[in-house]
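Just below is one structure, and these are the notes that go with it.
The values are calculated or read from the model by the stated rules, or taken from the named source; none is laboratory data. Bear in mind the structure is a predicted one, so any value in this text is a computation, not a measurement. Note that each Cβ is placed from the backbone with ideal geometry, even for glycine, and that neighbours are counted across all protein chains shown. Only protein heavy atoms, including side chains, enter the accessible area calculation; ligands, DNA and RNA are left aside. Shrake-Rupley method; radii C 1.70, N 1.55, O 1.52, S 1.80 Å.
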Amino acid sequence: MRIDRVELYQITIPLVAPFETSGWVKTHEERILVALHANGVVGWGEWAGDGPWYSYETTEVAWLIIHDYLVPMLLAQPVAHTTMRYAPLDEPRQVRDRLEPVRGYPFAKHAVEAAVWDLWAKQQGISLSQALGGTRDRVAVGVSVGIQPSIAALVDRVGGYIQDGYNRIKIKIKPGYDVEAAQALRIAYPHVQLQVDANSAYQLDDAHIFKAMDDLGLLLVEQPLGYDDIPDHARLQAQLKTPICLDESIHSAANARWALEMDSARVINIKPGRLGGFMESIAVHDVCAERNAPVWCGGMLETGIGRAGNVALASLPNFKLPGDISASRRYYAEDIVEPEFVLNPDSTLSVPTGPGIG
Ligand code: MG
């Protein structure tokens, strides 16, 4: 693949409302956009790290890694601190292996790989969904609701999203704001698909809290224990009927296989940024499909660029649960893409059909 020019942009985009989890509160998002130019075609990728909260990647460090290492490796140019010499790449499936010598920095790798996928799909005249092996033209989506000032405010806020058309609700929980919140929603909205996300706020000793939510018919409980834990999640899963879903703990297809084999999780959240790109995401998708474990697409409050990649990925067949891929307006007064993503009446987003990210 010939690439004529690479541009990096850093942008800051305000959220329509602060987003609070068990560990942090965000009022705006900082993003790095990667633009690859070739013969008048531009491929786009988005760095949607959140660091050093959700992951260790901060904007400054991600910029350095992309600028000094990943882009030179992609372009087969000399790379700092090494005498390695690379050959030019032919297609996007080779990017993961090319960037593999850099350990970690999965969000940075995803930004670069996604830009290559978008460029290549545009050159082929096919959609990103087609390029990745997608099989759907619409993907089921839900909304992720941050921690609210009170349970009453939560019930109100969720009612608004249900009115907007979302029929799967995920709430963030933390110690002291968990069982009561889930019970209140179950009473107020008995038929809504409901799940909770702890972002690693609990210990194994807190199992009683999850047992207290076990009869609420939750779709899943997401990442209750340590962000790097797999074994203790198996000890918790053994005490629950509700499936545990792992997010932060899963960085590769091997991690997903370990988690399923140990029964630490029965569902896996796929975020291409956390996994270092679409290739590793598809590998996780396949590992889970072989073991009859459904996956769904998480989100990092991406702009329309990253969101388009998530929608394309979620069009693969084993994405059997609704994703955290809401419409643009759920997060941003104005998205950076046109057209923005809008919610269909059946709580889905349409998969773009234009070339690349559409
Ligand atoms: Mg999560």
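When you look at Asp263, is it within 16 Å of the ligand (Cβ to nearest atom), part of a loop (DSSP other than H, G, I, E, B) and open to solvent by 40 Å² or more (accessible area, probe 1.4 Å), yes or no?
So Asp263 does not fit the description; no.
Within segment 235-254, restricting attention to residues that are outside any loop (DSSP other than H, G, I, E, B) and surrounded by 18 or more Cβ atoms within 10 Å (Cβ to Cβ), which residue is farthest from the ligand (Cβ to nearest atom)?
If we take residues in segment 235-254 being outside any loop (DSSP other than H, G, I, E, B) and surrounded by 18 or more Cβ atoms within 10 Å (Cβ to Cβ), then Ala253 is farthest from the ligand (Cβ to nearest atom).
Checking the conditions here, which among Met84, Met73 is farther than 29 Å from Asn344 by Cβ, open to solvent by less than 10 Å² (accessible area, probe 1.4 Å) and in contact (Cβ under 8 Å) with a residue 12 or more places away in the chain?
From the options Met84, Met73, the qualifying one is Met73.
I'd like to verify a number: residues in segment 277-300 that are open to solvent by 10 Å² or more (accessible area, probe 1.4 Å), more than 24 Å from Ala121 (Cβ to Cβ) and away from the ligand (no atom under 16 Å from the Cβ), how many?
Of the residues in segment 277-300, 4 are open to solvent by 10 Å² or more (accessible area, probe 1.4 Å), more than 24 Å from Ala121 (Cβ to Cβ) and away from the ligand (no atom under 16 Å from the Cβ).
Given the conditions (1) away from the ligand (no atom under 14 Å from the Cβ); (2) within 15 Å of the chain's Cα centre (by Cα), report the number of the one that Glu222 does not fulfil.
Of the numbered conditions (1) away from the ligand (no atom under 14 Å from the Cβ); (2) within 15 Å of the chain's Cα centre (by Cα), the odd one out for Glu222 is (1).
Exactly one condition in (1) acidic (Asp, Glu); (2) over 30 Å from Ala35 (Cβ atoms); (3) in a helix (DSSP H, G or I) is not met by Asp229; state its number.
(3)
Going by what's in this entry, would Arg274 be described as away from the ligand (no atom under 16 Å from the Cβ) and at pLDDT 95 or above?
no
Scan Arg31, Arg93 and give me the residue that is open to solvent by 50 Å² or more (accessible area, probe 1.4 Å) and more than 13 Å from Leu119 (Cβ to Cβ).
The unique qualifying residue is Arg93.
Each row is one residue, and each column tells you yes or no for (1) in a helix (DSSP H, G or I); (2) open to solvent by less than 20 Å² (accessible area, probe 1.4 Å).
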{"position": "Asp97", "(1), (2)": "yes, no"}
{"position": "Gly104", "(1), (2)": "no, no"}
{"position": "Asp118", "(1), (2)": "yes, yes"}
{"position": "Ser200", "(1), (2)": "no, no"}
{"position": "Ile209", "(1), (2)": "yes, no"}
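State whether the residues of segment 304-318 include one that is hydroxyl-bearing (Ser, Thr, Tyr), assigned to a helix (DSSP H, G or I) and either open to solvent by 30 Å² or more (accessible area, probe 1.4 Å) or under 27 Å from Ala108 (Cβ atoms) (or both).
Within segment 304-318, not a single residue is hydroxyl-bearing (Ser, Thr, Tyr), assigned to a helix (DSSP H, G or I) and either open to solvent by 30 Å² or more (accessible area, probe 1.4 Å) or under 27 Å from Ala108 (Cβ atoms) (or both).
Report, by residue number, each residue of segment 319-346 that is modelled with pLDDT of 95 or more and either small (Gly, Ala, Ser) or assigned by TED's automatic domain parsing to the domain that holds Ile11 (or both).
Answer for segment 319-346, where residues must be modelled with pLDDT of 95 or more and either small (Gly, Ala, Ser) or assigned by TED's automatic domain parsing to the domain that holds Ile11 (or both): just Gly323.
Just one of (1) touching a Phe, Trp or Tyr at 6+ places or on another chain (Cβ under 6 Å); (2) surrounded by fewer than 18 Cβ atoms within 10 Å (Cβ to Cβ) trips up Pro224, so point out which.
In the conditions (1) touching a Phe, Trp or Tyr at 6+ places or on another chain (Cβ under 6 Å); (2) surrounded by fewer than 18 Cβ atoms within 10 Å (Cβ to Cβ), Pro224 misses (2) alone.
Give the residues of segment 278-305 that are in contact (Cβ under 8 Å) with a residue 40 or more places away in the chain and of a type in the set (A, V, I, L, M), sorted by residue number.
Met279, Ile282, Met300, Leu301, Ile305
Somewhere in segment 159-178, is a residue at positive phi and outside any helix (DSSP H, G or I)?
yes
This table checks each residue for (1) more than 16 Å from the ligand (Cβ to nearest atom); (2) touching a Leu at 6+ places or on another chain (Cβ under 6 Å); (3) closer than 27 Å to Trp24 by Cα; (4) not assigned by TED's automatic domain parsing to the domain that holds Gln195.
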residue: Ala111; (1), (2), (3), (4): yes, no, yes, yes
residue: Leu119; (1), (2), (3), (4): yes, yes, no, yes
residue: Thr135; (1), (2), (3), (4): yes, no, no, no
residue: Ser144; (1), (2), (3), (4): no, no, yes, no
residue: Gln148; (1), (2), (3), (4): yes, yes, yes, no
residue: Val155; (1), (2), (3), (4): yes, no, yes, no
residue: Asp164; (1), (2), (3), (4): yes, no, yes, no
